[in-house]
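Peer 1: Handing you a structure now.
The values are calculated or read from the model by the stated rules, or taken from the named source; none is laboratory data. Small disclaimer: the values here were computed from a predicted structure and weren't measured. Note that we place each Cβ from the backbone using ideal geometry, even for glycine, and neighbour counts take in every protein chain shown. The protein model used for the area step is the full one, side chains on, heavy atoms only, and it has no ligands, DNA or RNA in it. Shrake-Rupley method; radii C 1.70, N 1.55, O 1.52, S 1.80 Å.
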Amino acid sequence: MSSRKERRQHNQKNDKVVNFNLKKIEPLTENQKRTFEAYHDGKNLMLHGIAGTGKSFISMYLALDEILKNDSRYKKLIIVRSVVPTRDMGFLPGSSKDKSKVYEAPYYSICSELFERGDAYDYLKNKNTIEFITTSFIRGVTLNNCIILVDEMANCTLHELDSVITRIGKNCKIIFCGDFRQSDFVRQYEKNGLHDFIKIIRNMKHFKFVDFVEEDIVRSFIVKDYIIQKDKLGILA
């Protein structure tokens, strides 16, 4: 006979499994719809556009929706971001792992909304369904059987982007997300490198390029109004 405490722990464990369901998401704008269609057609994606258009959100949804199917070809979602120590990361306290965790904050929020559970991101990481990796440590790695999300790519150098895309092995799909107008780069050659990478992607038949515009802003009305007025006035933040 098991004790009451053991039965309660067993039930709590089962509840965690039963209640872990991905919320159904539908595209809210025309470009979100184009993204869904291109993804389901098997295309790799390059999603470019202004803030608040849901690029990272729908990318994670589409990837996790596919990965969590019983018959999925893909084992995990790998999120890649640039946290190069020579830039902002070097000024953050703590170890490299602690510093990297700061850059994972958006994905905690997205997973909390997608699964309606605050522990969703940690749960998926512990199950090895999500892995967060920085461009600093991707060299020498071969990525197989996964979906790769390269987020905030506007802050990646050409060398970093080249390092990521040449790591792709068998049975992979990749999504690039970013607003190229929100780059932290100040050196022109770094900006040129990003544009050169985009030129390459535009000429690859395996990619679908989707430009998100003001009409696609879904974060909030105040964000939409702010960005529209900022662009009208020609003010760069």
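Peer 1: First measure r as the distance between the Cβ atoms of TYR226 and ASN145, then evaluate 1/(1 + (r/R0)^6) with R0 = 41 Å and state the FRET efficiency to the nearest 0.05.
Peer 2: Result of the calculation: an efficiency of 0.50.
Peer 1: So, one more: At PHE20 and THR166, where each label point lies 7 Å from the Cα along Cα→Cβ, what is the point-to-point distance in nanometres?
Peer 2: With each label point 7 Å from Cα toward Cβ, the separation is 3.7 nm.
Peer 1: Solvent-accessible area of LYS75, probe 1.4 Å, all protein chains present, reported in Å² to the nearest ten, please.
Peer 2: 140 Å²
Peer 1: At 0.36 nm per residue, minus the direct Cα-Cα distance, what do LYS127 and GLU215 gain on full extension? Give it in nm, one decimal, please.
Peer 2: Working it through step by step, the gained length comes to 28.0 nm.
Peer 1: With θ taken as phi - 60° and the coefficients 6.51, -1.76 and 1.60, list the Karplus ³J(HN,Hα) couplings across the range 211-223 in order, rounded to whole Hz; mark glycine and proline as x.
Peer 2: 9, 8, 10, 4, 5, 8, 5, 10, 4, 5, 5, 5, 5
Peer 1: On the full set of protein chains, 1.4 Å probe, figure out the accessible area of ILE200 and give it in Å² to the nearest 10.
Peer 2: Result for ILE200: roughly 90 Å² accessible.
Peer 1: Shifting gears a bit: So what does ILE235 come to for accessible area, using a 1.4 Å probe and Å² rounded to 10?
Peer 2: That residue has around 90 Å² of solvent-accessible surface.
Peer 1: If each residue of separation counts as 0.36 nm, what is the full-extension length gain between HIS159 and GLU30 once their alpha-carbon separation is subtracted?
Peer 2: Result: 43.2 nm gained on full extension.
Peer 1: If each of ARG202 and ALA105 carries a label point 7 Å out from its Cα toward its Cβ, how far apart are those two points in nm?
Peer 2: Each label point lies 7 Å from its Cα, and together they span 3.4 nm.
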